[in-house]
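Engineer: Take a look at this one; I'll ask things after.
The values are calculated or read from the model by the stated rules, or taken from the named source; none is laboratory data. For clarity, every value in this text was computed on a predicted model and none was experimentally measured. Please note: Cβ atoms are built from the backbone with ideal geometry, for glycine as well, and neighbour counts cover all protein chains shown.
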Amino acid sequence: MLGERIYGLVACRVLFSGWGDSEKSEVVALKDAKWEKSYLISFNVDGGATREELEEAAVTLSGTVIKQRTPQRVAHRRADKERPRLVKELILVDLSGGKATVEVRGESGIYVKELIHGDRGRTQPSMAEMLGRPCEVVELDVLQVHDDDRGE
């Protein structure tokens, strides 16, 4: 299987081999792993945002411990409690056509969609809070699971 993704003017091509369908238990184990993960998130900002505003928000959120209550989208199956999570790094990758794209590396268990839209104040701080405008996630990709035991 060949995967291709374009970031700005840089094209990345990755060849996957030996991959097959996953068992549900494998998916659960990966999601429950305590490793840091990196994500690529594209989102719209209500009313738009400048590159400077987005970069300032990214710098502010990088290295920050955020407080996240259980998101509304999963509240029916998880206890409502506050979880501190480290946003290790947040970088603005692209801003075009009114859509911003950021790369986020965060502690295991971080709710990354809520890091962007704020979940009506249940995640603080959030990108929406930093910008003072609603944000809507339009695309989310997991880029990497960082297995520090293997040096990755």
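Engineer: Identify all residues within the range 27-54 that are of a type outside the set (A, V, I, L, M, F, W, C) and surrounded by 14 or more Cβ atoms within 10 Å (Cβ to Cβ); write none if there are none.
Structural biologist: Those that are of a type outside the set (A, V, I, L, M, F, W, C) and surrounded by 14 or more Cβ atoms within 10 Å (Cβ to Cβ): 36, 37, 38, 39, 42, 44, 53.
Engineer: Further question on the same structure: In the range 31-83, what residues are in contact with a Gly (Cβ under 7 Å, 6 or more places away or on another chain) and farther than 21 Å from residue 143 by Cα?
Structural biologist: 48, 83
Engineer: Give me the pairs: first residue in the range 71-87 and within 16 Å of residue 104 (Cβ to Cβ) and surrounded by fewer than 10 Cβ atoms within 10 Å (Cβ to Cβ), second residue polar (S, T, N, Q) and modelled with pLDDT under 90, beta-carbon distance under 7 Å, and six or more apart or on different chains, which are they?
Structural biologist: none
Engineer: Can you give me the number of residues within the range 16-60 that are in a loop (DSSP other than H, G, I, E, B), within 19 Å of residue 147 (Cα to Cα) and under 19 Å from the mean Cα position of the chain (by Cα)?
Structural biologist: Number of matching residues: 3.
Condition check ((1) small (Gly, Ala, Ser); (2) modelled with pLDDT under 95; (3) exposed (fewer than 14 other Cβ atoms within 10 Å of the Cβ)) across all residues:
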site	(1), (2), (3)
92	no, no, no
102	no, no, no
118	yes, no, no
123	no, no, no
127	no, no, no
142	no, yes, yes
147	no, yes, yes
150	no, yes, yes
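Engineer: Could you grab the pairs with beta carbons closer than 8 Å, sequence gap of 6+ or different chains, first residue in the range 12-37 and under 26 Å from residue 65 (Cβ atoms), second one modelled with pLDDT under 70 and loosely packed, with under 10 Cβ neighbours inside 10 Å?
Structural biologist: Between residues of the range 12-37 that are under 26 Å from residue 65 (Cβ atoms) and residues that are modelled with pLDDT under 70 and loosely packed, with under 10 Cβ neighbours inside 10 Å, the close pairs are 35/148; 36/148.
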